[in-house]
Amino acid sequence: MTREEIYSEVVQILADSFELDAASIKLDSTLYEDLDLDSIDAVDIFVQLRDLTGRRPDPEVAKQIRTVDELVTFVENEIAAAERGDPEPQPQMPPGAGT
C-alpha cells in the first residue's frame, strides 16, 4: 500500500467509526484535540488497524501517537514489519499478574 492509500484507509476508519467529516481529517489533525477522540476511541482505532496491518499493535508505541500523520506512519511501519516477518509484540502482563 502507498502512503496515500494508507491515509485514505485511516481517514475512512476515523470518519466511519466516529461520525467525523472525512474532509476535515488532515495529516496534521490531532486525535485528541482536533478530532475529539478519547483513549477508548484510540483502542477502537487500533483494533480496526489490526485488520489493515494484520498485526497486534505495540501498546507502548500506540500510546505515543498523537496525530493522523503519526497514525499513518505507524500503519506503514506495521505493514513493513509484517512483510519482513517480524514477530508481533507480546502483550505485557500487569505487575503482579500470574503470581
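Every number here is computed from the coordinates shown, using simple stated rules; none is lab data. These figures come from a predicted structure and were not determined experimentally. Cβ: placed from backbone, ideal geometry, glycine included. Neighbour counts: every protein chain shown.
Evaluate the following for residue 55: is it of a type in the set (D, E, K, R) and surrounded by fewer than 18 Cβ atoms within 10 Å (Cβ to Cβ)? So residue 55 does not fit the description; no. Within segment 45-66, the only residue that satisfies the criterion of being among the polar types (S, T, N, Q) and in contact with an Asp or Glu (Cβ under 6 Å, 6 or more places away or on another chain) is 53. Candidates are the residues of segment 18-40 that are among the aliphatic types (A, V, I, L, M) and assigned to a loop (DSSP other than H, G, I, E, B); the one that is farthest from residue 8 (Cα to Cα) is 37.
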